[in-house]
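Single-structure report; data block below.
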Amino acid sequence: MMTGLFISELERTFKRKKTVAVLAVYAGLLAFIWFFFQRGGISFFDAAHDVKIDSLNSAPLLLRDLSFAITFIVIPMFVADSFNGEYTSGALRMVLIRPHHRVKLFFVKWAVQCLLVFIILCITWVVGTCLGRMVMPHVNETTFLGGQTVGTVGALLYSLKFYGICFCIFIAVISIGSILSVLMPNSILSYVATIGALIGSVYVSDKLSFFFSVTDSVFRELSRPNSEFLVNLLFPILLISLIINLFVWKKKEWVG
């Protein structure tokens with residue numbers, strides 16, 4: 001049953017014109033950023049630390065230039081279309097005609113959104129890693145924020161860890177966006193509310209600034225020894241947002 005729901009959600013997702021359009025825009029943006037990426041040769045760990053791009057650090061630095069688009073365009077549009085657009089268009093009613101458990105349906109929709117972001121990150125990582133090795137200046141060692149000097153294997157592990165933490169943050173963004181998409185009366189307001197929540201988090205607490213500047217925050221966390229960012233902050237936020245999601249999802253009158 002779960003497999004059938006998952007496949008059905010995937011089919012509906014990729015049949016939407018917005019999904020195709022957003023993916024096409026991201027692909028174009030990826031090519032555009034890479035063009036200037038290799039021509040400039042300079043990027044930033046954060047606003048205060050610039051760095052020369054080389055064959056070992058290109059993948060994390062490429063994501064830095066694209067993370068804003070993922071956070072504020074790709075994810076909010078995907079989530080609003082999935083969780084709100086289907087309801088307001090009436091498509092979700094056709095799904096709920098069948099005896100699907102609401103909790104299962106929620107997790108299927110949530111998992112599909114996570115899969116979309118995972119695919120985007122994988123493509124970005126492959127482009128950054130492969131083209132970095134082929135085009136950018138070849139080095140045997142590179143230094144990341146905090147003075148961490150690593151070789152080829154160390155840079156690969158750093159890159160995978162960097163993308164993994166970013167993915168966890170993006171999952172939290174998906175979870176927060178899904179709550180607001182369920183509560184808002186239409187997809188446009190859902191999108192605006194998600195953007196507002198991400199920006200507003202900066203004013204709630206400096207510790208939540210990773211929602212606004214994802215990759216800068218990850219670079220800083222990876223520069224700190226024994227950082228407990230995931231355990232102490234990100235995972236609790238993710239858990240709480242999922243609990244709220246399930247409560248709101250079960251209480252919502254989807255077919256009314």
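The values are calculated or read from the model by the stated rules, or taken from the named source; none is laboratory data. This one's a predicted model, so the numbers in the text were calculated from it and none came from an experiment. When we count neighbours, we look across all protein chains shown, and the Cβ atoms used for this are built from the backbone with ideal geometry, even at glycine. Note: areas computed on protein heavy atoms with side chains; ligands, DNA, RNA excluded. Shrake-Rupley method; radii C 1.70, N 1.55, O 1.52, S 1.80 Å.
At a 1.4 Å probe, what is the % contribution of carbon and sulfur to the accessible area of the stretch 9-88? It would help to have the intermediate numbers written out before the result.
Numbers: 2330 of 3480 Å².
It is 67 percent, rounded to a whole number.
What accessible area per residue comes out for the chain, rounded to a whole number of Å², with a 1.4 Å probe?
On the way: 12510 Å² over 256 residues.
Ligands and nucleic acids excluded, the result is 49 Å² per residue.
Using R₀ = 22 Å, calculate the FRET efficiency as 1/(1 + (r/R₀)^6) where r is the Cβ-Cβ separation of residue 42 and residue 224; round to 0.05. Walk me through the numbers on the way to the answer.
On the way: r = 24 Å, r/R0 = 1.11.
Result of the calculation: an efficiency of 0.35.
Could you put 108, 103, 25 in order of accessible surface area, largest first, with the 1.4 Å probe and the full protein assembly present? Kindly include the intermediate steps, with their values, before the conclusion.
Details: 108 5, 103 35, 25 100 Å².
Solvent-accessible surface, decreasing: 25, 103, 108.
Determine the gain in length on full extension of the stretch residue 140-residue 103; use 0.36 nm per residue of separation and subtract their C-alpha separation, reporting nm with one decimal.
Values: separation 37, 0.36 × 37 = 13.32 nm, distance 4.94 nm.
Here the answer is 8.4 nm.
Within straight cross-link reach of residue 17, meaning Cα distance under 20 Å, which lysines are found once same-chain residues fewer than 8 apart are removed?
109
At a probe size of 1.4 Å, how large is the accessible area of residue 188, to the nearest 10 Å²?
Near enough 120 Å² of accessible area.
Based on the Cβ-Cβ distance of residue 50 and residue 14, what FRET efficiency does E = 1/(1 + (r/R0)^6) give at R0 = 35 Å, to the nearest 0.05? Walk me through the numbers before you get to the answer.
Values: r = 39 Å, r/R0 = 1.12.
E between residue 50 and residue 14, to the nearest 0.05, is 0.35.
Using mean Cβ contacts within 10 Å as the protection proxy, how do 31-41, 71-81 order, highest first?
Numbers: 31-41: 13.1, 71-81: 22.7.
Highest-to-lowest ranking by the protection proxy: 71-81, 31-41.
How do 12-20, 54-62 rank on mean C-beta neighbours within 10 Å, highest first?
Working: 12-20: 14.3, 54-62: 24.9.
Packing proxy ranking, top to bottom: 54-62, 12-20.
Restrict the search to the stretch 144-231; then list the trypsin sites (Lys or Arg not before Pro) that DSSP places in a loop and that have at most 10 other Cβ atoms within 10 Å of their Cβ. List each step's numbers first, then the result.
Numbers: sites: 161, 207, 220; in loops: none.
Listed in order of number, the matching sites amount to none.
Determine the gain in length on full extension of the stretch residue 3-residue 32; use 0.36 nm per residue of separation and subtract their C-alpha separation, reporting nm with one decimal. Could the numbers behind the result be given before it?
Numbers: separation 29, 0.36 × 29 = 10.44 nm, distance 3.69 nm.
Length gained, residue 3 through residue 32: 6.8 nm.
Taking only DSSP H segments of four or more residues, each worth -39500 (n - 2.57), what value at 222 nm results for the chain once the sum is divided by all its residues, to the nearest 500 deg cm²/dmol? Show your work: numbers first, answer last.
Numbers: 11 runs with 175 residues, N = 256.
Counting only the DSSP helices, I get -22500 deg cm²/dmol.
Between the stretch 117-131 and the stretch 1-78, how many Å separate their Cα centres?
The two parts, judged by their Cα centres, are 8 Å apart.
As an exercise, take the mean of 1/r over every pair of distinct alpha carbons in the stretch 152-256, invert it, and state the Kirkwood radius in angstroms. The partial results should precede the final answer.
Values: mean 1/r = 0.0661 Å⁻¹.
Taking every pair of different Cα atoms in the stretch 152-256, averaging 1/r and inverting gives 15.1 Å.
With r defined as the distance between the Cβ atoms of residue 244 and residue 24 and R0 fixed at 35 Å, what FRET efficiency is calculated, to the nearest 0.05? Working shown, then result.
Numbers: r = 33 Å, r/R0 = 0.94.
That pair, residue 244 with residue 24, gives E of 0.60.
Given (1) -0.73, -0.86, -1.44; (2) -0.83, -0.94, -1.34; (3) -0.73, -0.84, -1.28 as candidate values of log10 I(q)/I(0) by the Debye sum over Cα atoms at q = 0.12, 0.13, 0.17 Å⁻¹, which corresponds to the one derived from the coordinates?
(3)
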